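**Student:** The following block contains the structure, expressed as structure tokens.
The values are calculated or read from the model by the stated rules, or taken from the named source; none is laboratory data. All values reported here derive from a predicted model rather than from experimental measurement. When we count neighbours, we look across all protein chains shown, and the Cβ atoms used for this are built from the backbone with ideal geometry, even at glycine. These area figures cover heavy atoms from the full protein model, side chains too; ligands, DNA and RNA do not enter into them. Shrake-Rupley method; radii C 1.70, N 1.55, O 1.52, S 1.80 Å.
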Amino acid sequence: AGCPSAQRVLLQLCWGSRDRSMVAVDAVCGAVEDASADEMRTLFELGRRLASLRDGLEAARADQFVDVFARSAADNSAYPEACTRSLCFLGSCCPVLPLVRARALAFFLSSPAGWLEPLLVHNPNDAVRATLSKALEHAAFPSLSAAQAAPPAPEGGDLKKPQLGGVVDEPALRLINHLISLLRGDLSALLRPVQGARPGGGWRLSNVLSLLGTAFSEDFAGRPFEEAAAACAPLVLRVYCQSLATGAPLNFNLMEATRLLLSLHNTYPLSLDTLDMSPLLEGHLPLCVLSTNPLAFQYHNSSLSLHYRLLLGLSQRSPPFLLRCAQHPSIPWALMRCALTSEQYTDAAWHLMELVVMSVPYANNDENLLHLCLTQEVLTNPTWHVPELLSKLLA
């Protein structure tokens, strides 16, 4: 397949022949499972050229592409490497092959309980769920330029993030609405890790929330998502609250719910205006801890940064929320922990300090803050805005 002459002969043989085209697509799918990195690039190019033939059989080849690779992924769902390779290849085809992209979305949405949810929500392997999430991201939000689509990685689960843009059409909106529908009803099962997942993994809703975060990100500001955002916001807050109540460490459902709330705040702030966001004032407390474990550090660093960015944004937008935040006991507690952890969590500490400086005029703990600002740990900490804080405290 790597020889250009052989590819030209194969494409000529497939021209106008449905049977030979179906055999060729099957062969490409079979070769993907054991291909090396170089072979994967060659197969991607061959598959792209095969699906791009303009001989009246484009729709049939697109259907065959989606059917063969999706079924291969489903059949190999217990074998993560083979499954992720099929999903990765299919996802990489979507931005450059509009027919494949449309057929892929229609295929997974035609029977979500049979195809989409078993791989995206219930599969015990993190790489399988993450790879399908990225493949759906490619399909729902394709690049405007074929050159921006990356060939699939041989290991699977390592798709390059697409350059977002283009028209958000009806199939993409159907996907978004279906993902929102998964957040309705009883969340108890969905908030538990998948049985058989690795320790610290298996969070069923994390990739669903991540996909919705892409849909509601600033990349698509101005798209017709206002109604979907309004429907999504209270459901995500519910996921956040119930995830927080589990008390589970390294809860990626909670982290992605926070990220999605931040996306909604940045892009569709009206969707949050009528909601009680006070649970966020408790959510950051378990995260302010020193950590030497790399996975725990990455989780705490990301989660804390998301929390304080969201708290800061809500406080800037809503004076009542700023007042509640300024008088909440969790903020000085977080400051005391921040004095010990800010060298680890620099981005989170910076946003927390911005929040504290803004809330000092409304706080009822001036004396405690003043004593805290004069401690050795704080005076020698480069993250703390001590002069600015002292000037406000002594004003």
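**Student:** Carbon and sulfur: what percent of the stretch 1-118's accessible surface (1.4 Å probe)?
**Tutor:** Numbers: 2680 of 5130 Å².
Reported share for carbon and sulfur atoms: 52 percent.
**Student:** Calculate the FRET efficiency for Thr246 and Asp67 from the Cβ-Cβ distance with a Förster distance of 51 Å, rounded to the nearest 0.05. Don't jump to the answer; show the numbers that get you there.
**Tutor:** Numbers: r = 39 Å, r/R0 = 0.76.
With R0 = 51 Å, the Cβ-Cβ based efficiency is 0.85.
**Student:** Right, next: Starting from 0.36 nm per residue, how many nanometres of slack lie between Arg192 and Arg238 once their C-alpha separation is accounted for?
**Tutor:** Details: separation 46, 0.36 × 46 = 16.56 nm, distance 1.50 nm.
Here the segment from Arg192 to Arg238 would lengthen by 15.1 nm.
**Student:** Same structure, new question: Whole number in Å², please: accessible area per residue of the stretch 170-318, 1.4 Å probe, ligands, DNA and RNA not counted.
**Tutor:** On the way: 6050 Å² over 149 residues.
For the stretch 170-318, the solvent-accessible area averages 41 Å² per residue.
**Student:** Which FRET efficiency value, to the nearest 0.05, do you get for Gln298 and Asp26 by plugging their Cβ-Cβ distance into 1/(1 + (r/R0)^6) with R0 = 41 Å?
**Tutor:** Numbers: r = 41 Å, r/R0 = 0.99.
After rounding to 0.05, the efficiency reads 0.50.
**Student:** OK, next. How many angstrom lie between the C-alpha centres of the stretch 168-206 and the stretch 98-137?
**Tutor:** 11
**Student:** I would also like to ask the following. For the stretch 1-134, give the magnitude of the charge dipole about the Cα centre (Cβ charges: +1 Lys/Arg, -1 Asp/Glu; no others), in debye to the nearest 20.
**Tutor:** It comes to approximately 460 debye.
**Student:** Need one number: nm distance between label points at Ser330 and Ser5, each 7 Å from Cα along Cα→Cβ, rounded to one decimal.
**Tutor:** For the pair Ser330/Ser5, the computed spacing is 6.9 nm.
**Student:** Given R₀ = 30 Å, FRET efficiency for Glu282-Glu218 by Cβ-Cβ distance, to 0.05?
**Tutor:** After rounding, the FRET efficiency stands at 0.65.
**Student:** Can you give the relative contact order of the stretch 1-122 as a percent, counting alpha carbon pairs under 8 Å and 6+ residues apart?
**Tutor:** Numbers: 102 pairs, mean separation 28.3, N = 122.
Across the stretch 1-122, relative contact order equals 23 percent.
**Student:** Next question. Extending each Cα 7 Å along its Cβ direction at Glu170 and Arg184, get the distance between those two points in nm, one decimal.
**Tutor:** Label-label distance for Glu170 and Arg184, simple model: 2.1 nm.
**Student:** Give the ranking of Glu282, Glu170 by solvent-accessible surface, highest area first, calculated with a 1.4 Å probe. Intermediate results must be reported in sequence, preceding the final value.
**Tutor:** Numbers: Glu282 85, Glu170 110 Å².
Descending order: Glu170, Glu282.
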